[in-house]
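The values are calculated or read from the model by the stated rules, or taken from the named source; none is laboratory data. Everything numeric here is computed off the predicted structure, so don't read it as measured data. So basically every Cβ, Gly included, is an ideal-geometry build from the backbone, and we count neighbours across all protein chains shown. Accessible surface is based on the protein model in full, side chains and every heavy atom, while ligands, DNA and RNA are left aside. Shrake-Rupley method; radii C 1.70, N 1.55, O 1.52, S 1.80 Å.
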Amino acid sequence: MRIDRVNVYKILLPFIREFSISRLTDPCSNIIVVEVIADQGKIKAYGEGVPVEFITGETPQSAVKSVRFFGQNDFFPWELNDVSQIWNFIDNLPNGKEYNAAICACEMSLLDALGKKQKKSVIDYFPDEFFSPEICYGATIPLSNKHRISEICKMCRNMKINTLRVKMGKDFKQNKDAIETVRSVFGDDCDLRIDPNCAWDRYLAFKHIPLIKEYNVKVVEEPMMKDNPDFGEFAKIMQTNGIILMACESAPTLNDVERIIEEGYYQMINVKLSRNGGFQKSLRMIELIRNSGLSFQIGCTIGESGILSAASRALSLLCRDAKYYDGSYDQFLLKENITFENVSFGPGGEAGPLDGPGLGVKINKENLIRLSNGSPRVTISHPLS
């Protein structure tokens, strides 16, 4: 297969309603989409990255520049015939976290192209030792008022979803109201995690301890900044009380995961395709976590389109030993999408493989162009064109 050119789009995806976390209040998401055109236009393939500046230092603009840099290297697989060429390409790219969303988008687009050429699912390019034909997603509840949280909880209960991840902020009363509202709807019949997104200082973290214990919170995700000198003390209290701490923002690279394992504060790690740099990097991270005895979840980044939702679905199905799965929120979060397929979970959070080769989704090119203001930001052509 000859790749003729690579286009990179910067896209604004609008939400149905604002989805707030402690570090983000925005009615939309900013993503990049890499489009691979191959075999004289017979194959069009896609990959996505969601840059998150406060975690990896990436912005949509920097991610677009990174993809252009990758495509201009001699080792870019312009003649793509085997998946090993993709892995060699990824291994030759820079290791810094500031490239992760761009690497994810590039790798995904190449896998989608090869899958379409060879009529294979992207799942077929990975070991199937931990494959499952079906997984069950949980639901994420944003920072909001009691009324909206109650509405979301009742929708989840009606869909028979009782694995919940509740976003926390710096307002203790708002956090308390959120947890109490969840319990008022579900009673004890839910698996409850909370996620402050590093928003807490010592005072807030320790103030939440009685609340965490009283309402049987099972997992606390990244409560404080990784360099907070009081984190170790808080972590010991969580461990003493049988409450799992999950790393997220502090785990963008394999080296970070190695450090987390060595420090021993966290018992679980949240793995996300875009933040961790794509399939190969994420699966290497998961292998390290498995060997360490820690557990992990497959997470998502707020505002993924159907492209990244499809890819994360594939990763999730390859990991039946993940403790939790978050993602495939398309119809629940996005006002507009760039895939024709609705990559969302069903009742009970159940979801299985998508039909079709590659990622298993088709792109709504009209939406792609319109949501990118009419044209790609960068086009890289085959060097012999």
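Taken over the stretch 137-153, the criterion of being surrounded by 18 or more Cβ atoms within 10 Å (Cβ to Cβ) and not polar (S, T, N, Q) is satisfied by Tyr137, Gly138, Ala139, Ile141, Pro142, Leu143, Ile149, Ile152, Cys153.
Return a yes/no flag: does the stretch 300-316 have any residue that is more than 17 Å from Gly277 (Cα to Cα) and either of a type in the set (A, V, I, L, M) or open to solvent by 10 Å² or more (accessible area, probe 1.4 Å) (or both). No, that holds for no residue.
In the stretch 354-370, the residues that are touching a residue at least 24 places away in the same chain (Cβ under 8 Å) and under 16 Å from Lys10 (Cβ atoms) reach residues that are assigned to a loop (DSSP other than H, G, I, E, B) and of a type in the set (D, E, K, R) with C-beta atoms within less than 7 angstrom, at least six apart or across chains, in these pairs: Asn367/Glu336.
Kindly check whether there is at least one residue in the stretch 321-339 that is aromatic (Phe, Trp, Tyr) and part of a helix (DSSP H, G or I). There is at least one residue in the stretch 321-339 that is aromatic (Phe, Trp, Tyr) and part of a helix (DSSP H, G or I).
The set of residues in the stretch 256-296 being polar (S, T, N, Q), surrounded by fewer than 24 Cβ atoms within 10 Å (Cβ to Cβ) and over 25 Å from Ala113 (Cα atoms) consists of Gln267, Asn291, Ser292, Ser295.
The residue list Asp112, Asp91, Asp74, Asp82 contains one member that is more than 22 Å from the chain's Cα centre (by Cα), closer than 27 Å to Pro357 by Cβ and not β-branched (Val, Ile, Thr), which is Asp82. Each residue in the stretch 347-363 was checked for being assigned to a loop (DSSP other than H, G, I, E, B), surrounded by 14 or more Cβ atoms within 10 Å (Cβ to Cβ) and small (Gly, Ala, Ser), and 2 pass.
Condition check for Lys119 on (1) open to solvent by less than 80 Å² (accessible area, probe 1.4 Å); (2) in contact (Cβ under 8 Å) with a residue 40 or more places away in the chain: one failure, at (1). Among the residues of the stretch 330-345, those identified as out of contact with any Gly (no Cβ under 9 Å at 6 or more places or on another chain) and either charged (D, E, K, R) or in contact (Cβ under 8 Å) with a residue 60 or more places away in the chain (or both) are Phe332, Lys335, Glu336. Scanning the stretch 92-103 for residues that are buried (at least 17 other Cβ atoms within 10 Å of the Cβ) and in contact (Cβ under 8 Å) with a residue 24 or more places away in the chain turns up Lys97, Glu98, Tyr99, Asn100, Ala101, Ala102, Ile103. Can you find a residue in the stretch 180-195 that is at positive phi and either among the aliphatic types (A, V, I, L, M) or open to solvent by 10 Å² or more (accessible area, probe 1.4 Å) (or both)? Yes, there is a match, as at least one residue in the stretch 180-195 is at positive phi and either among the aliphatic types (A, V, I, L, M) or open to solvent by 10 Å² or more (accessible area, probe 1.4 Å) (or both). For the stretch 109-143, the tally of residues that are touching a Ser or Thr at 6+ places or on another chain (Cβ under 8 Å) and at pLDDT 95 or above stands at 6. Checking Met224, Met159, Met168 one by one, the residue that is touching a residue at least 24 places away in the same chain (Cβ under 8 Å), open to solvent by 30 Å² or more (accessible area, probe 1.4 Å) and either of a type in the set (Lys, Arg) or in contact with a helix residue (DSSP H, G or I) (Cβ under 7 Å, 6 or more places away or on another chain) (or both) is Met159 and no other. How about the stretch 365-377: which of its residues are buried (at least 18 other Cβ atoms within 10 Å of the Cβ) and either over 21 Å from the mean Cα position of the chain (by Cα) or within 29 Å of Gly138 (Cβ to Cβ) (or both)? Hits for the stretch 365-377 are Leu371, Ser372, Pro376, Arg377. Among the residues of the stretch 337-379, those identified as among the basic types (Lys, Arg) and under 18 Å from Ile37 (Cα atoms) are Lys362, Lys365, Arg377.
Residue-wise test of (1) part of a strand (DSSP E or B); (2) open to solvent by 60 Å² or more (accessible area, probe 1.4 Å).
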residue: Phe19; (1), (2): yes, no
residue: Ile31; (1), (2): yes, no
residue: Pro51; (1), (2): no, no
residue: Ile55; (1), (2): no, no
residue: Val67; (1), (2): no, no
residue: Phe75; (1), (2): no, yes
residue: Asn81; (1), (2): no, yes
residue: Ile90; (1), (2): no, no
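Listed by first and then second residue, the pairs linking a residue in the stretch 227-240 that is more than 17 Å from Ala199 (Cβ to Cβ) and modelled with pLDDT of 95 or more to a residue that is open to solvent by less than 80 Å² (accessible area, probe 1.4 Å) and not in a helix (DSSP H, G or I), with Cβ atoms under 8 Å apart and 6 or more places separating them unless they lie on different chains, are Gly232/Tyr265; Gln239/Leu245; Gln239/Gln267. Looking only at residues in the stretch 150-172 that are part of a loop (DSSP other than H, G, I, E, B) and among the charged types (D, E, K, R), the one that is farthest from Asp195 (Cα to Cα) is Lys160.
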